[in-house]
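The values are calculated or read from the model by the stated rules, or taken from the named source; none is laboratory data. Everything quoted here is computed from the prediction, not taken from an experiment. Here the Cβ is made from the backbone with ideal geometry for all residues, glycine too, and neighbour counts use every protein chain on show. Just so you know, the surface numbers come from the protein's heavy atoms only, side chains and all, with ligands and any DNA or RNA stripped out. Shrake-Rupley method; radii C 1.70, N 1.55, O 1.52, S 1.80 Å.
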Amino acid sequence: ATAGSGSPEDEHKAAGYRMAAKLALPSVVHIFTSQEVKAQRNPFLNDPFFRHFFGDRPEAQPQRRQGLGSGVIVSADGYILTNNNVVEAADEIEVATQDGRKYKARVVGADPDSDLAVVRVNLEKDAKLPAVVFAPAGSLRVGDVVLAIGNPFGVGQTVTHGIVSALGRTHLGINTFEDFIQTDAAINPGNSGGPLLNMAGEVIGVNSAIATAPGTGSTGQAGSIGVGFAIPSAQVKKTVEQLITKGKAVHPVIGVYLDQEYEGEGVKVRDSLPNGQDPVTANGPAAKAGLKAGDIIVALNGKPVTNPDALVVGIRALDVGDKVTLTVRRGGKDEDVTMVLEASTD
């Protein structure tokens, strides 16, 4: 082959990247936030001796803290998805689209437990924004090629690529509820809230966090080392719908406290709680179904559960009001019990 030429396979791959990026780029936005931060009062101003000699000094003026992140348009009428950490506590939010338009935005709903939030911009009459398409549930596999789009370090809209490194990552200490996609696509500060895409340009996740080595970024900030985490699209889509319609996320629960230290088969309901309360919540779904402290939950709707996170993820994939069947082991015997999921009151 001559220098600079590529194989048909390489050309097809490159075209695939181009097409996926072309489809998704117009739906990805930059999010700029501002928050008023009250300046700390100089402690000497409280000292009468100091004030006697130097007089009263004016209070320091409040400062504004700037932030940036990314977001993705989820509906043509102005709803935009991002991470909660991008917009929480902000008192001013500005959204900039790929074509340079800028809009003031307001938060319509946020879920700190999953680190997702939805903001809305006001559009002129009959104006529309280009919304993304979510990938079909269950279509993602380890090894799939993915693209990440965002605004890393504020340099502007950037596309990076990699693969799905792992699925179902938990125990990361990032969110209350964790079921992350791990990717080696370069994700840096400013990418938070931007989409992770498949080769069809469909959203498979929302970029949420990175593992870092201090000082790896050229700006002096911690940068990507090839380990990034995204919230899966199935969880994202469900939460977005709730944030738009209800202003909050509603999480289904069965009403038990689980033993995180248990290493046997299945998931164990705790034997007791330090405050003396029953680990099976009174009048909750599990209590109504007859679950007791020390029971072992070995399956959810016939599917084995191997750890507490797997059970929580399985329950969260369902809806309040759904009927579920748990296989419970007590005294060496397994029994199927049914219950109706209820909303968390936390």
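Of note:
- Of all the residues in segment 170-193, those that are modelled with pLDDT of 85 or more and within 12 Å of I231 (Cα to Cα) number 6.
- Residue within segment 268-283 that is among the aliphatic types (A, V, I, L, M), at pLDDT below 95 and open to solvent by 40 Å² or more (accessible area, probe 1.4 Å) present: yes
- Per-region count, segment 231-275, residues charged (D, E, K, R) and not in a loop (DSSP other than H, G, I, E, B): 5
- Of all residue pairs spaced 6 or more apart or on separate chains, none has beta-carbon atoms under 6 Å together with a first member in segment 82-107 that is on the phi > 0 side of the Ramachandran plot and a second member that is surrounded by 22 or more Cβ atoms within 10 Å (Cβ to Cβ).
- Matching residues, segment 135-148, being farther than 17 Å from I225 by Cα and either open to solvent by less than 40 Å² (accessible area, probe 1.4 Å) or in a loop (DSSP other than H, G, I, E, B) (or both): A135, P136, A137, G138, S139, L140, R141, V142, G143, D144
- Tally of residues being modelled with pLDDT of 80 or more and open to solvent by less than 10 Å² (accessible area, probe 1.4 Å) across segment 204-232: 7
- Residue in segment 286-295 that is within 30 Å of P232 (Cβ to Cβ), hydrophobic (A, V, I, L, M, F, W, C) and part of a loop (DSSP other than H, G, I, E, B) present: yes
- Condition check for V305: over 24 Å from the mean Cα position of the chain (by Cα) and surrounded by 12 or more Cβ atoms within 10 Å (Cβ to Cβ): no
- Single residue of segment 175-203 satisfying the filter (among the polar types (S, T, N, Q) and not in a loop (DSSP other than H, G, I, E, B)) that is most open to solvent (accessible area, probe 1.4 Å): Q182
- Within segment 233-249, residues that are touching a residue at least 60 places away in the same chain (Cβ under 8 Å) and open to solvent by less than 30 Å² (accessible area, probe 1.4 Å) sit with their Cβ atoms under 9 Å from residues that are acidic (D, E) and part of a loop (DSSP other than H, G, I, E, B), at 6+ positions apart or across chains, in these pairs: S233/E202; A249/D113.
- Matching entry among V119, V74, V95 (being of a type in the set (A, V, I, L, M, F, W, C), over 19 Å from I225 (Cα atoms) and in contact with a Ser or Thr (Cβ under 8 Å, 6 or more places away or on another chain)): V119
- Scanning segment 311-325 for residues that are under 23 Å from the mean Cα position of the chain (by Cα) and farther than 18 Å from D336 by Cβ yields V312, V313, R316, A317, D319, V320.
- Among the residues here, K288 qualifies as farther than 24 Å from S114 by Cβ, in contact (Cβ under 8 Å) with a residue 40 or more places away in the chain and open to solvent by 60 Å² or more (accessible area, probe 1.4 Å).
- Contacts under 6 angstrom Cβ, first residue in segment 22-38 being farther than 26 Å from I204 by Cα, partner of a type in the set (A, V, I, L, M, F, W, C) and at pLDDT below 90, 6 or more apart: Q35/A89; Q35/A90
- Residues located in segment 309-345, provided they are of a type outside the set (A, V, I, L, M), free of Cβ contacts under 8 Å to residues at least 60 places away in the same chain and surrounded by 19 or more Cβ atoms within 10 Å (Cβ to Cβ): T327
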